[in-house]
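> Sharing a structure with you now.
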Amino acid sequence: RHVLYPVIKDLELCDQFDEENIDVIISDFTHLTDFVFKTQHTNMDDMKPVETITLLDIIIVLSKSEGKRSILQKNKSLMINTLYLLRMIHELGKLGKEESVKPISKLSELANLKDNQQLEDDPIFGLKVKLIQLIVNLVWEHPENQNLVGEHSGFQLLLDCSQVDARNPFITQWVVMSVKALCQGNPENQAILAGLRREGVADSALWKELGIQLDPNDDKIKVASSK
């Protein structure tokens, strides 16, 4: 099947998928990511990046359709694996164990790259943004998935991913979108975010961009609409 997935992606055949086809795609993606999570010494080669990202691209396309998104949202393994794959890649980058996912946040670092096009041609390019985009779509108007992310320390992870990164264009904007999608109509997640705001997690500029205010009188948080 993995030979067919690039063809499906390139020919934009996702509109023809029914629920059975979608379940197969989800199963293959979660199988690949489950294997990575069970590997003691994780590296990007273990992830089979080309196969995993091809599947991820297809799932993102499916998640943009309301009817197909509802099928994806029912699968809790997809939600959890997407979140934990983001966490794994983010931690590998922070620790400097994998150069291909190490954030490039300074102009001086970008200037030192010999070939910017080579950076964009890397199959890993934009991976964290893609995962955050899928998280946004999976939690969109779905309280159970919103709560899953909140319960698995998803806010802390997403806020930690918010710094500018040349390997992941517009990641700050996608973090903003994800936080708003997680809080939309969800008092429990708003309470989690209020706690992080009080603890000083992330800088004030990010909170301002998120449209988040903490009322000093009643200790409640106000989140600007994502619409």
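The values are calculated or read from the model by the stated rules, or taken from the named source; none is laboratory data. Worth saying up front: this structure is predicted, and the values here are computed from it rather than measured. Cβ: placed from backbone, ideal geometry, glycine included. Neighbour counts: every protein chain shown. Side chains included, ligands, DNA and RNA excluded: accessible areas come from the protein's heavy atoms. Shrake-Rupley method; radii C 1.70, N 1.55, O 1.52, S 1.80 Å.
> Can you name the condition, by its number, that Leu95 falls short on among (1) at pLDDT below 95; (2) more than 18 Å from Val36 (Cα to Cα); (3) out of contact with any Asp or Glu (no Cβ under 8 Å at 6 or more places or on another chain)?
In the conditions (1) at pLDDT below 95; (2) more than 18 Å from Val36 (Cα to Cα); (3) out of contact with any Asp or Glu (no Cβ under 8 Å at 6 or more places or on another chain), Leu95 misses (2) alone.
> Restricting to the range 170-202, what's the tally of residues that are farther than 13 Å from His142 by Cα, of a type outside the set (D, E, K, R) and in contact with a strand residue (DSSP E or B) (Cβ under 6 Å, 6 or more places away or on another chain)?
Looking only at that region, the number is 3.
> Also, quick follow-up: Looking only at the range 124-144, count how many residues are over 18 Å from Leu56 (Cα atoms) and assigned to a helix (DSSP H, G or I). Talk me through it step by step, then tell me what you get.
First pass over the range 124-144, keeping only residues over 18 Å from Leu56 (Cα atoms): 141-144.
Now drop any that are not assigned to a helix (DSSP H, G or I), which leaves 143-144.
Of the residues in the range 124-144, 2 are over 18 Å from Leu56 (Cα atoms) and assigned to a helix (DSSP H, G or I).
> For the subset of the range 69-91 comprising residues that are of a type in the set (D, E, K, R) and under 11 Å from Leu138 (Cα atoms), which member is most open to solvent (accessible area, probe 1.4 Å)? Working first, answer last.
Just the residues of the range 69-91 that are of a type in the set (D, E, K, R), to begin with: 69, 74, 76, 87, 91.
Going one step further and asking which of them are under 11 Å from Leu138 (Cα atoms), we end up with 69, 74, 76.
Working: Arg69: 41, Lys74: 127, Lys76: 52 Å².
Per the criteria, the residue is Lys74.
> Given the structure, is Asn112 on the phi < 0 side of the Ramachandran plot and either in contact with an Asp or Glu (Cβ under 6 Å, 6 or more places away or on another chain) or at pLDDT 95 or above (or both)? Don't jump to the end; show me each part of the working.
On the way: on the phi < 0 side of the Ramachandran plot: yes; either in contact with an Asp or Glu (Cβ under 6 Å, 6 or more places away or on another chain) or at pLDDT 95 or above (or both): no.
No; evaluated as a whole, the condition is false for this residue.
> Something else now. Restricting the range 149-170 to residues that are outside any loop (DSSP other than H, G, I, E, B) and touching a His at 6+ places or on another chain (Cβ under 9 Å), which is surrounded by the most Cβ atoms within 10 Å (Cβ to Cβ)? I'd like the intermediate steps shown before the answer.
Filtering the range 149-170 for residues outside any loop (DSSP other than H, G, I, E, B) gives 149-151, 154-160.
Going one step further and asking which of them are touching a His at 6+ places or on another chain (Cβ under 9 Å), we end up with 157, 160.
Values: Leu157: 20, Asp160: 16.
For the range 149-170, the residue satisfying everything is Leu157.
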